[in-house]
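See structure below.
The values are calculated or read from the model by the stated rules, or taken from the named source; none is laboratory data. This structure is a prediction, so every number in the text was calculated from the model and none was measured. Cβ: placed from backbone, ideal geometry, glycine included. Neighbour counts: every protein chain shown. When the accessible area is computed, the model is the full protein with side chains, heavy atoms only, and any ligands, DNA or RNA have been set aside. Shrake-Rupley method; radii C 1.70, N 1.55, O 1.52, S 1.80 Å.
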Amino acid sequence: MEPISTALAGFALFKSAVDGIKSVIGTANDVGDIAGYIDNLFEGEKQVQQERSKKAGVGSVSDQFGVKSVATEIINARLAQEQMREIATMVDLRFGPGTWKSIVDERARRIQQAKEAEAQARRERIKKQKEFEENLKQGFMILLAILLTVGLFIGLMITIANSQNYVESYR
(Lines give C-alpha, C1' and ligand atoms only; values in the text may rest on other atoms or scores of the structure.)
Protein backbone atom coordinates (compact mmCIF):
# COMPACT_ATOMS: atom_id res chain seq x y z
CA MET A 1 0.00 0.00 0.00
CA GLU A 2 2.97 2.32 0.56
CA PRO A 3 3.88 2.69 -3.15
CA ILE A 4 0.40 3.99 -3.93
CA SER A 5 0.65 6.49 -1.05
CA THR A 6 4.06 7.64 -2.32
CA ALA A 7 2.66 8.11 -5.81
CA LEU A 8 -0.33 9.93 -4.32
CA ALA A 9 2.04 12.23 -2.40
CA GLY A 10 3.70 13.18 -5.69
CA PHE A 11 0.32 13.69 -7.29
CA ALA A 12 -0.83 15.76 -4.28
CA LEU A 13 2.23 18.01 -4.67
CA PHE A 14 1.44 18.32 -8.37
CA LYS A 15 -2.23 19.10 -7.65
CA SER A 16 -1.40 21.71 -4.98
CA ALA A 17 0.99 23.39 -7.44
CA VAL A 18 -1.76 23.50 -10.07
CA ASP A 19 -4.18 24.99 -7.55
CA GLY A 20 -1.56 27.53 -6.47
CA ILE A 21 -0.83 28.61 -10.02
CA LYS A 22 -4.53 28.92 -10.81
CA SER A 23 -5.10 31.07 -7.72
CA VAL A 24 -2.33 33.60 -8.42
CA ILE A 25 -1.96 33.58 -12.21
CA GLY A 26 -4.37 36.51 -12.64
CA THR A 27 -2.45 38.77 -10.26
CA ALA A 28 1.07 37.63 -11.09
CA ASN A 29 3.26 40.41 -12.48
CA ASP A 30 5.84 38.06 -13.92
CA VAL A 31 6.68 34.37 -14.09
CA GLY A 32 8.80 34.76 -10.95
CA ASP A 33 5.59 35.24 -8.95
CA ILE A 34 4.56 31.66 -9.76
CA ALA A 35 8.04 30.11 -10.02
CA GLY A 36 7.73 28.22 -6.73
CA TYR A 37 4.48 26.66 -7.87
CA ILE A 38 6.04 25.73 -11.20
CA ASP A 39 8.96 24.08 -9.37
CA ASN A 40 6.47 22.07 -7.28
CA LEU A 41 4.54 21.21 -10.45
CA PHE A 42 7.62 19.69 -12.08
CA GLU A 43 8.74 18.02 -8.83
CA GLY A 44 5.32 16.44 -8.30
CA GLU A 45 5.28 15.18 -11.88
CA LYS A 46 8.79 13.78 -11.41
CA GLN A 47 7.78 11.96 -8.21
CA VAL A 48 4.73 10.42 -9.89
CA GLN A 49 6.84 9.26 -12.86
CA GLN A 50 9.60 7.88 -10.61
CA GLU A 51 7.12 5.97 -8.50
CA ARG A 52 5.50 4.58 -11.64
CA SER A 53 8.87 3.48 -12.99
CA LYS A 54 9.87 1.97 -9.66
CA LYS A 55 6.65 -0.01 -9.42
CA ALA A 56 7.04 -1.31 -12.96
CA GLY A 57 10.15 -3.26 -11.98
CA VAL A 58 9.49 -4.51 -8.45
CA GLY A 59 6.77 -5.46 -6.05
CA SER A 60 4.22 -8.17 -5.88
CA VAL A 61 2.23 -9.14 -8.92
CA SER A 62 -0.92 -7.77 -7.31
CA ASP A 63 0.81 -4.40 -6.75
CA GLN A 64 2.01 -4.22 -10.35
CA PHE A 65 -1.02 -5.57 -12.16
CA GLY A 66 -3.92 -4.95 -9.78
CA VAL A 67 -6.79 -3.05 -11.37
CA LYS A 68 -6.75 -0.41 -8.63
CA SER A 69 -3.01 0.18 -8.99
CA VAL A 70 -3.05 0.31 -12.78
CA ALA A 71 -6.16 2.48 -12.89
CA THR A 72 -4.76 4.92 -10.33
CA GLU A 73 -1.48 5.24 -12.22
CA ILE A 74 -3.12 5.75 -15.62
CA ILE A 75 -5.74 8.20 -14.35
CA ASN A 76 -3.19 10.21 -12.37
CA ALA A 77 -0.85 10.36 -15.37
CA ARG A 78 -3.68 11.50 -17.66
CA LEU A 79 -4.91 14.06 -15.14
CA ALA A 80 -1.36 15.35 -14.76
CA GLN A 81 -0.98 15.68 -18.54
CA GLU A 82 -4.32 17.45 -18.80
CA GLN A 83 -3.51 19.85 -15.99
CA MET A 84 -0.04 20.47 -17.37
CA ARG A 85 -1.59 21.50 -20.71
CA GLU A 86 -4.05 23.72 -18.86
CA ILE A 87 -1.26 25.42 -16.90
CA ALA A 88 0.74 25.87 -20.11
CA THR A 89 -2.21 27.60 -21.74
CA MET A 90 -2.80 29.80 -18.69
CA VAL A 91 0.86 30.86 -18.52
CA ASP A 92 0.94 31.59 -22.25
CA LEU A 93 -2.28 33.61 -22.05
CA ARG A 94 -1.00 35.61 -19.07
CA PHE A 95 2.63 36.18 -20.14
CA GLY A 96 2.50 35.77 -23.90
CA PRO A 97 2.67 32.93 -26.41
CA GLY A 98 5.68 30.66 -26.05
CA THR A 99 6.33 31.51 -22.38
CA TRP A 100 5.56 27.97 -21.20
CA LYS A 101 7.68 26.45 -23.96
CA SER A 102 10.53 28.76 -22.94
CA ILE A 103 10.18 27.62 -19.33
CA VAL A 104 10.15 23.95 -20.30
CA ASP A 105 13.07 24.38 -22.73
CA GLU A 106 15.15 26.31 -20.18
CA ARG A 107 14.43 23.69 -17.53
CA ALA A 108 15.46 20.91 -19.92
CA ARG A 109 18.63 22.82 -20.81
CA ARG A 110 19.55 23.26 -17.15
CA ILE A 111 18.85 19.62 -16.37
CA GLN A 112 21.06 18.61 -19.31
CA GLN A 113 23.81 20.96 -18.12
CA ALA A 114 23.63 19.50 -14.63
CA LYS A 115 23.84 15.96 -16.02
CA GLU A 116 26.80 16.92 -18.20
CA ALA A 117 28.54 18.62 -15.26
CA GLU A 118 27.93 15.53 -13.12
CA ALA A 119 29.26 13.26 -15.86
CA GLN A 120 32.32 15.49 -16.28
CA ALA A 121 32.95 15.46 -12.53
CA ARG A 122 32.62 11.67 -12.53
CA ARG A 123 35.10 11.40 -15.42
CA GLU A 124 37.51 13.69 -13.54
CA ARG A 125 37.22 11.57 -10.38
CA ILE A 126 37.88 8.41 -12.39
CA LYS A 127 40.84 10.05 -14.13
CA LYS A 128 42.32 11.23 -10.81
CA GLN A 129 41.78 7.78 -9.31
CA LYS A 130 43.58 6.14 -12.24
CA GLU A 131 46.41 8.69 -12.00
CA PHE A 132 46.70 7.99 -8.28
CA GLU A 133 46.79 4.24 -8.89
CA GLU A 134 49.40 4.69 -11.62
CA ASN A 135 51.54 6.92 -9.37
CA LEU A 136 51.19 4.38 -6.58
CA LYS A 137 52.33 1.58 -8.91
CA GLN A 138 55.29 3.65 -10.07
CA GLY A 139 56.15 4.48 -6.45
CA PHE A 140 56.10 0.81 -5.52
CA MET A 141 58.21 -0.06 -8.56
CA ILE A 142 60.78 2.60 -7.62
CA LEU A 143 60.78 1.44 -4.00
CA LEU A 144 61.18 -2.17 -5.16
CA ALA A 145 64.04 -1.17 -7.46
CA ILE A 146 65.76 0.74 -4.63
CA LEU A 147 65.31 -2.15 -2.20
CA LEU A 148 66.57 -4.60 -4.79
CA THR A 149 69.60 -2.41 -5.51
CA VAL A 150 70.36 -1.98 -1.81
CA GLY A 151 69.89 -5.71 -1.26
CA LEU A 152 72.24 -6.53 -4.13
CA PHE A 153 74.78 -4.00 -2.84
CA ILE A 154 74.63 -5.45 0.67
CA GLY A 155 74.83 -8.97 -0.75
CA LEU A 156 77.86 -7.95 -2.84
CA MET A 157 79.54 -6.34 0.18
CA ILE A 158 78.93 -9.47 2.25
CA THR A 159 80.27 -11.63 -0.56
CA ILE A 160 83.40 -9.44 -0.87
CA ALA A 161 83.92 -9.49 2.90
CA ASN A 162 83.50 -13.28 2.99
CA SER A 163 85.85 -13.75 0.09
CA GLN A 164 88.53 -11.60 1.81
CA ASN A 165 88.12 -13.65 4.99
CA TYR A 166 88.37 -16.82 2.93
CA VAL A 167 91.58 -15.62 1.24
CA GLU A 168 93.11 -14.55 4.56
CA SER A 169 92.27 -17.85 6.16
CA TYR A 170 94.45 -19.65 3.57
CA ARG A 171 97.48 -17.40 4.12
Residue pairs within 6 Å by beta carbon, gap of at least six or interchain, first lying in the stretch 19-38 and closer than 16 Å to LYS101 by Cα, second modelled with pLDDT under 90 and assigned to a loop (DSSP other than H, G, I, E, B), listed first then second, are ILE34/ALA28
Counted residues in the stretch 1-28 being of a type outside the set (D, E, K, R), modelled with pLDDT under 85 and open to solvent by 50 Å² or more (accessible area, probe 1.4 Å) come to 5
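A quick yes/no check of all residues on (1) within 24 Å of the chain's Cα centre (by Cα); (2) at pLDDT below 70:
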{"site": "ASP33", "(1), (2)": "no, no"}
{"site": "GLU43", "(1), (2)": "yes, no"}
{"site": "LYS55", "(1), (2)": "yes, yes"}
{"site": "SER60", "(1), (2)": "no, yes"}
{"site": "ALA71", "(1), (2)": "no, no"}
